[in-house]
Amino acid sequence: MAQTTDRRRIVGPESSAPPVFEIDEQKRSQDPPLPSRSKRSPRDIRPIFLQTGLISQANGSAYIETERTKIACAVYGPRQLKNTAYSEKGKLNVEVKFAPFSCTRRRAPMKDAEDRPISLLIAQSLLPSIRLELFPKSSIDIFITVLENDGTEGCVAAGATAASAALADAGIELIALSTSCSASVIGDGPEIWLDPTEEESKAARGTMTVSYLPALGTLTNVWQTGKMSPDEAMQCVEKCVERCTDIHHVVSKTLLDSAQARLGSNP
Amino acid sequence: MFTIVSPAPRGDDLEYTTTRHHPSVKDEIDMDIEEQGGEFGEGPSRLASPGETITSAQAFMRGHGTYVENEDLVSALTGTIERVNKLVSVRALKSRYNPEVGDLVVGRITEVGPRRWKVDANARQDAVLMLSSINLPGGVQRRKLESDELQMRNFFEEGDLLVAEVQAFFADGAMSLHTRSLKYGKLRNGHLVMVPPALVRRLKSHFYALPCGVDLILGLNGYIWVSKHVKQSEQEGEEGFDAEAVYSNKNDDIDVATRTAIARVSNIIRALARHSTPLTDVLLVEAYDWAIDQDISVKDLSAEETSEAMVAAITFRA
């Protein structure tokens with residue numbers, strides 16, 4: 001790790017501790033074993049805010065916010081692959097970066113162990129929806145910046161949804177929009193809570209993230225962690241698919257609205 | 001901007017309306033298309049998002065931006081649906097340039113290779129300019145020689161801007177350009193402005209001389225060249241082709257008034273592009289006159305309020 005530090009960058013202190021407040025102390029002493037969902041029901045996902053076209057130099061971009069998950073996504077391309085052999089199909093590159101201030105602990109501004117698996121998961125969610133056969137010799141580059149992270153599952157789901165919106169914003173031909181939703185199995189009940197926050201997914205027995213093309217009814221990616229029975233897994237997939245359909249409305253509405261706004265400004 | 005809060009929990013038996021329509025609804029959509037009488041362009045244009053079923057594939061043919069799934073014609077892009085007779089296509093509002101043979105493009109050399117140049121022309125792949133498809137020095141049309149291959153950088157170097165025509169396509173879809181006309185070739189004495197390719201329409205001519213002493217080349221790939229006006233006779237040259245002048249890297253002397261005019265036209269183009277206004281010479285002349293009338297400095301043209309006022313004024317007039 002010592003070799004990988006960038007000496008030109010002004011680094012933060014080696015170690016730091018969050019300030020301890022009186023309220024925190026009280027909370028810790030009476031820490032409940034399970035977080036309770038009081039604000040939303042187990043079937044509910046966090047409200048979504050989505051907007052396209054915020055990053056002007058990119059070919060397409062999207063910003064998604066679901067309460068405390070905030071992600072910006074930029075798409076460049078399709079552009080010519082440099083210094084590589086001929087490829088019949090286009091290439092999809094996904095790069096996920098966490099902002100140093102995105103998590104509860106400061107993240108060093110360089111690649112670490114978590115970024116790559118998340119990139120691969122998001123790439124897998126998108127791959128079946130992109131018509132790569134139309135882009136020989138080209139690459140599509142997706143850069144995802146996590147500005148605030150509230151649970152890895154929510155991050156993957158929101159990131160994949162935003163990336164799909166950004167691809168559509170870039171005018172890249174898609175078979176359908178891809179949307180993602182996550183679920184967690186909590187307690188021995190068992191209860192299934194959709195779209196878990198970081199706190200909830202830590203308390204969960206198992207989590208599942210599902211990517212889905214609602215327009216075609218096709219699953220593109222299923223990512224499961226932890227322990228869950230086949231029956232629970234099936235329930236998770238079903239519930240996620242149902243919410244993905246709702247998220248699809250949000251994404252397509254956003255895209256159509258932004259298209260309408262562009263059309264509206266030239267009568 | 002809008003926020004959508006997840007809907008309240010519903011019963012399991014409730015069906016959600018997805019973009020997959022029930023057959024009866026689908027029929028109505030088909031009817032809508034019929035009623036519009038083949039003119040998607042009239043009235044508010046219909047928009048589609050990826051994965052949305054447009055119509056049945058049996059009655060219509062799939063065009064660009066669409067594909068066929070289970071006998072349905074499905075959109076692959078976000079944009080306006082267009083129809084020519086039975087051909088239905090979706091045009092994205094913002095995308096890379098889709099070249100067609102005969103298009104005029106402005107590009108930048110990115111690489112010098114064996115007997116060819118690679119040109120960035122805002123397309124999915126770099127365009128190719130073959131040594132055999134440029135005008136070689138020596139007056140008459142002649143075949144390329146080995147000596148030409150060795151001094152390719154004398155014609156075009158990395159970073160040079162050029163105007164060319166799309167000649168053909170390679171098997172992988174890359175476009176091949178040619179500059180075998182006196183109108184085409186290296187660009188100098190000016191300024192490149194990049195706009196979305198959708199804003200430049202196919203016109204009778206893409207070369208314009210504006211009355212303010214500025215020449216304009218509207219590349220269909222969204223690259224626009226704004227330069228000092230060159231007289232027609234000088235452009236042609238006496239012997240038809242003067243290699244030294246055509247491949248020169250030196251700018252002519254440009255006086256302050258012309259420089260200001262170039263900057264003003266560039267800023268007007270950028271302002272119009274920000275408001276997604278399709279570019280024509282008439283519109284640009286009007287905008288230029290408006291800017292002069294209102295006594296707006298070049299710098300202020302890029303301000304948001306000014307550009308809004310300008311777009312409102314000229315589209316109202318037109």
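The values are calculated or read from the model by the stated rules, or taken from the named source; none is laboratory data. Worth saying up front: this structure is predicted, and the values here are computed from it rather than measured. Backbone-built Cβ (ideal geometry, glycine too); neighbour counts: all protein chains shown.
I'd like to verify a number: residues in segment B:83-107 that are away from chain A (no Cβ under 13 Å), among the charged types (D, E, K, R) and part of a strand (DSSP E or B), how many? The total comes to 1. The set of residues in segment B:262-289 that are within 19 Å of B:Pro197 (Cβ to Cβ), touching a His at 6+ places or on another chain (Cβ under 6 Å) and among the β-branched types (Val, Ile, Thr) is empty.
Whether any residue in segment B:167-174 is touching a His at 6+ places or on another chain (Cβ under 9 Å), modelled with pLDDT of 90 or more and more than 25 Å from B:Leu283 (Cβ to Cβ) is what I want to check.
Going residue by residue through segment B:167-174, those that are touching a His at 6+ places or on another chain (Cβ under 9 Å) are B:167-168.
Pick out the ones that are also modelled with pLDDT of 90 or more and you get B:167-168.
From what is left, the residues that are more than 25 Å from B:Leu283 (Cβ to Cβ) are B:167-168.
Looking for residues that are touching a His at 6+ places or on another chain (Cβ under 9 Å), modelled with pLDDT of 90 or more and more than 25 Å from B:Leu283 (Cβ to Cβ), one finds at least one in segment B:167-174, hence yes.
Against the conditions (1) in contact with a Phe, Trp or Tyr (Cβ under 7 Å, 6 or more places away or on another chain); (2) under 22 Å from A:Leu256 (Cα atoms); (3) free of Cβ contacts under 8 Å to residues at least 60 places away in the same chain; (4) more than 11 Å from chain B (Cβ to nearest Cβ), A:Arg107 satisfies every one except (2).
For segment A:91-115, the set of residues classified as among the acidic types (Asp, Glu) and at pLDDT 80 or above consists of A:Glu95, A:Asp115, listed by residue number. Is it fair to say A:Val75 is at pLDDT 90 or above, aliphatic (A, V, I, L, M), touching an Asp or Glu at 6+ places or on another chain (Cβ under 8 Å) and farther than 26 Å from B:Pro196 by Cα? So A:Val75 fails the test.
Can you find, within segment B:122-131, the residue that is surrounded by the fewest Cβ atoms within 10 Å (Cβ to Cβ) among those that are in a strand (DSSP E or B) and away from every other protein chain (no Cβ under 13 Å)? Walk me through it before giving the result.
Pass one, segment B:122-131, residues in a strand (DSSP E or B): B:123, B:127-130.
Okay, now just the ones that are also away from every other protein chain (no Cβ under 13 Å), so B:129-130.
Numbers: B:Leu129: 26, B:Met130: 15.
Once the filter is applied, the top-ranked residue is B:Met130.
Before we move on, is B:Thr80 buried (at least 20 other Cβ atoms within 10 Å of the Cβ) and either among the hydrophobic types (A, V, I, L, M, F, W, C) or at pLDDT 85 or above (or both)? Taking the combined requirement at face value, the residue satisfies it. Within segment B:261-305, the set of residues being more than 19 Å from B:Phe316 (Cα to Cα), in contact with a strand residue (DSSP E or B) (Cβ under 9 Å, 6 or more places away or on another chain) and hydroxyl-bearing (Ser, Thr, Tyr) comprises just one member, B:Ser266.
Kindly indicate the residue of segment B:132-166 that is at pLDDT below 85 and touching an Asp or Glu at 6+ places or on another chain (Cβ under 9 Å) and also surrounded by the fewest Cβ atoms within 10 Å (Cβ to Cβ) among those meeting that condition. Restricting to residues being at pLDDT below 85 and touching an Asp or Glu at 6+ places or on another chain (Cβ under 9 Å), the top hit is B:Gly139. Entry remark, segment B:288-314: residues being surrounded by fewer than 17 Cβ atoms within 10 Å (Cβ to Cβ) and more than 20 Å from B:Gly213 (Cα to Cα) number 9 in total.
Among the residues examined, B:Val119 qualifies as part of a strand (DSSP E or B), farther than 23 Å from A:Ser56 by Cβ and under 21 Å from the mean Cα position of the chain (by Cα).
Every residue, every condition in (1) hydrophobic (A, V, I, L, M, F, W, C); (2) within 30 Å of B:Asn122 (Cα to Cα); (3) touching a residue at least 24 places away in the same chain (Cβ under 8 Å); (4) surrounded by 21 or more Cβ atoms within 10 Å (Cβ to Cβ), yes or no:
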position	(1), (2), (3), (4)
A:Asp169	no, yes, yes, yes
A:Leu194	yes, no, yes, yes
A:Thr197	no, no, yes, yes
A:Pro230	no, no, no, no
A:Ala233	yes, no, yes, no
A:Glu238	no, no, no, no
A:Glu242	no, no, no, no
A:Ser252	no, yes, yes, yes
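Inclusion of B:Glu69 among residues that are free of Cβ contacts under 8 Å to residues at least 40 places away in the same chain, closer than 27 Å to A:Leu167 by Cα and either more than 10 Å from chain A (Cβ to nearest Cβ) or surrounded by fewer than 22 Cβ atoms within 10 Å (Cβ to Cβ) (or both) is warranted. Of the residues A:Ala158, A:Ala162, A:Ala113, the single one that is without any contact (Cβ under 8 Å) to a residue 60 or more places away in the chain and not basic (Lys, Arg) is A:Ala113. Pairing residues of segment A:56-70 that are in contact (Cβ under 8 Å) with a residue 12 or more places away in the chain with residues that are among the small types (Gly, Ala, Ser) and part of a strand (DSSP E or B), at Cβ distances under 7 Å and at least 6 apart in sequence or on separate chains, gives A:Ala58/A:Ala74; A:Asn59/A:Gly77; A:Ser61/A:Ala74; A:Tyr63/A:Ala72.
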